[in-house]
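The values are calculated or read from the model by the stated rules, or taken from the named source; none is laboratory data. Quick caveat, the model's predicted, so the values are computed rather than measured. Cβ coordinates were reconstructed from backbone atoms using ideal geometry, including for glycine residues, and neighbour counts include every protein chain displayed.
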Amino acid sequence: MLDKIKALQQEISAIEATSAEQAEELRIKYLSKKGLIGQLFNEFKNVPADQKKAMGAAINELKDFAQEKINSLKESFNQKQSGLQGVDPSLPGYVFAVGSRHPLAVVRNHIVEIFARLGFIVSEGPEIEDDWHVFSALNFPPEHPARDMQDTFFIEKDPDVLLRTHTSSVQVRVMEKTQPPIRAIFPGRVFRNEAISARAHCIFHQIECLYVDENVSFADLKQTLLYFAREFFGEKTEIRLRPSYFPFTEPSAEMDVSCSICGGKGCNVCKYTGWLEIMGCGMVDPNVLELCGIDNEKYTGFAFGMGIERIAMLKYGVKDLRLFFENDVRFLNQFHSAY
Ligand code: PHE
């Protein structure tokens, strides 16, 4: 009987099947009641008492062996069906690299989010513009140097097709379409014909803000700017407004924030002044309101605009503006933010 068991063991270790049905046939052949192993159990009755223990163990072992072999054959067909063959589901999964937002997008989103809390909505306009929306409607006199080829990229030598040099063009588009109250914020790319350096680029980003309604005053502008500065740079931030000039605002100012790096004490970032210039602002010139079809007797407004790269450089201590455009992942990977 032991020989029989050994022979069967050898036979079973060599069996193969090409389908699940064939594996089932093999199960019947070996493992069913009348199967080859089943018959061994019948013959077991005749085994002499002193051999029963050893023989019983050998038959059971053979049965387990056959069971395992046939199960694994069956399983291989199941996996084939579900496309899992050759896949070990117990291996650890792939680690997907989670991307991070570009620092300029982070800064833009943060600024948009702060103004959204004050009721400002986002509006966007085209990057390819005409003279009217970039200059004329914004009260730029015809001889203004900003219109010069030195600053502005013109397309196809047609002075009326140009790349916008500031997002103020979107102010005009919004005012032409909408009557006050207007409370909007305009993020976008702008273009100026400047040599590329650590501090300047011919493509950069601005975010501009416009509020037009009855009784909008310079005090509203100042308070809005203070709120923004403290939300963005921290609650201890101070602001300072210096008189300035823009064709489309009157009066105009430049806003400085207290240096967030040295806390106003003076360092090489603020050039030992304690202040950082971050934006231009002012009350919308009544001429601009009129040119855009808004009653300048009834309404007043304020506007301001800032460069996103500059804010990002100050916020993250980036010393070279070109890094924002190189898309080197070693640089980009360092920015993680909820915005
Ligand atoms: N458009 C101005 C610039 O590009 C910024 C600005 C916007 C100033 C709105 C005043 C009001 O520098």
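Okay, here's what the table says:
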read-out: Residue among Met313, Met279 that alone is under 28 Å from the mean Cα position of the chain (by Cα), in a strand (DSSP E or B) and within 29 Å of Ile203 (Cα to Cα); value: Met279
read-out: Breaking point among (1) more than 16 Å from the ligand (Cβ to nearest atom); (2) crowded, with 20+ Cβ neighbours inside 10 Å; (3) of a type outside the set (Ser, Thr, Tyr), for Gly263; value: (2)
read-out: Condition check for Lys80: modelled with pLDDT under 85, of a type in the set (D, E, K, R) and under 23 Å from Glu16 (Cβ atoms); value: yes
read-out: Scope the stretch 314-329; condition among the charged types (D, E, K, R) and free of Cβ contacts under 8 Å to residues at least 60 places away in the same chain; matching residues; value: Glu326, Asp328
read-out: Which listed residue is more than 23 Å from His205 (Cα to Cα), surrounded by fewer than 21 Cβ atoms within 10 Å (Cβ to Cβ), without any contact (Cβ under 8 Å) to a residue 40 or more places away in the chain and not aliphatic (A, V, I, L, M), from Asn268, Asn287; value: Asn268
read-out: Per-region count, the stretch 291-315, residues loosely packed, with under 15 Cβ neighbours inside 10 Å and either on the phi < 0 side of the Ramachandran plot or within 16 Å of the ligand (Cβ to nearest atom) (or both); value: 3
read-out: Filter result for Ala17 (among the aliphatic types (A, V, I, L, M) and farther than 25 Å from Pro89 by Cβ); value: no
read-out: Residue ID - surrounded by the fewest Cβ atoms within 10 Å (Cβ to Cβ), chosen from residues in the stretch 164-179 that are more than 10 Å from the ligand (Cβ to nearest atom) and part of a helix (DSSP H, G or I); value: Lys177
read-out: Filter pass, Ile185 being assigned by TED's automatic domain parsing to the domain that holds Phe248 and either touching a Lys or Arg at 6+ places or on another chain (Cβ under 7 Å) or surrounded by 16 or more Cβ atoms within 10 Å (Cβ to Cβ) (or both); value: yes
read-out: Check on Tyr339, of a type in the set (Phe, Trp, Tyr), out of contact with any Cys (no Cβ under 7 Å at 6 or more places or on another chain), in contact (Cβ under 8 Å) with a residue 24 or more places away in the chain and not assigned by TED's automatic domain parsing to the domain that holds Ser136; value: yes
read-out: So Glu124, is it over 27 Å from the mean Cα position of the chain (by Cα), under 30 Å from Gly305 (Cα atoms) and either among the hydrophobic types (A, V, I, L, M, F, W, C) or in the same structural domain as Leu163 (by TED's automatic domain parsing) (or both); value: no
read-out: Residue list for the stretch 181-199, filter: modelled with pLDDT of 95 or more and over 22 Å from Asp130 (Cβ atoms); value: Pro181, Arg183, Ile185
read-out: From Glu250, Glu214, residue being surrounded by 15 or more Cβ atoms within 10 Å (Cβ to Cβ) and assigned by TED's automatic domain parsing to the domain that holds Val318; value: Glu250
read-out: Matching option when the condition is assigned by TED's automatic domain parsing to the domain that holds Ile121 and in contact with a helix residue (DSSP H, G or I) (Cβ under 6 Å, 6 or more places away or on another chain), among Ile278, Ile239; value: Ile239
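Rundown of residues vs (1) more than 30 Å from Asn78 (Cα to Cα); (2) surrounded by 12 or more Cβ atoms within 10 Å (Cβ to Cβ); (3) without any contact (Cβ under 8 Å) to a residue 12 or more places away in the chain, yes/no style:
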{"residue": "Ser13", "(1), (2), (3)": "no, no, no"}
{"residue": "Glu16", "(1), (2), (3)": "no, no, no"}
{"residue": "Ala20", "(1), (2), (3)": "no, yes, no"}
{"residue": "Tyr30", "(1), (2), (3)": "no, yes, no"}
{"residue": "Lys34", "(1), (2), (3)": "no, no, yes"}
{"residue": "Ile37", "(1), (2), (3)": "no, yes, no"}
{"residue": "Asn42", "(1), (2), (3)": "yes, no, yes"}
{"residue": "Gln51", "(1), (2), (3)": "yes, yes, yes"}
{"residue": "Glu61", "(1), (2), (3)": "no, yes, yes"}
